[in-house]
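This report concerns only the one structure given below.
Read the figures in this text as sums done on the coordinates, not as results from a lab. Computed from a predicted structure; not experimentally measured. Positions of Cβ are backbone-derived with ideal geometry, glycine not excepted, and every protein chain shown enters the neighbour counts.
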Amino acid sequence: MSAFDYVEGDVNTLDETVTNDGGDLAPTAQAALEYLARSLADNPDAVSVEVRERGDKVILSLSVDKDDMGRLIGRRGRTAQALRSLVAAAGARDGVTTSVDILD
């Protein structure tokens with residue numbers, strides 16, 4: 001396997017299932033959030049990301065199974081803050097400012 005091989009769910013090789021809602025607004029940020037959330041969740045099939053634009057920001061709304069909510073938020077919100085930081089960096093790669101909402 002070389003460094004340029006396709007890896008399903010990888011941020012650098014986007015799947016068409018990852019870019020379905022929001023299309024070209026922030027594909028790297030959306031792929032990163034979905035990949036990270038699926039990796040952390042016990043029920044990865046329940047993870048979904050909706051992308052919308054509000055003013056000059058791209059809002060990524062993350063929905064997960066209620067049993068995974070605590071794991072994705074983390075103690076004192078540290079995991080959620082780490083997710084937001086990583087998604088912001090991925091959004092910068094797309095040239096957009098992002099915000100992550102974790103929906104219950």
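Listing for the model above:
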quantity	calculated
Options PRO44, SER85, THR98, ranked by Cα towards positive dipole end of segment 27-103, top entry (Cβ charges)	SER85
ARG75-GLU53 FRET efficiency (beta carbon distance; Förster radius 22 Å; 0.05 resolution)	0.10
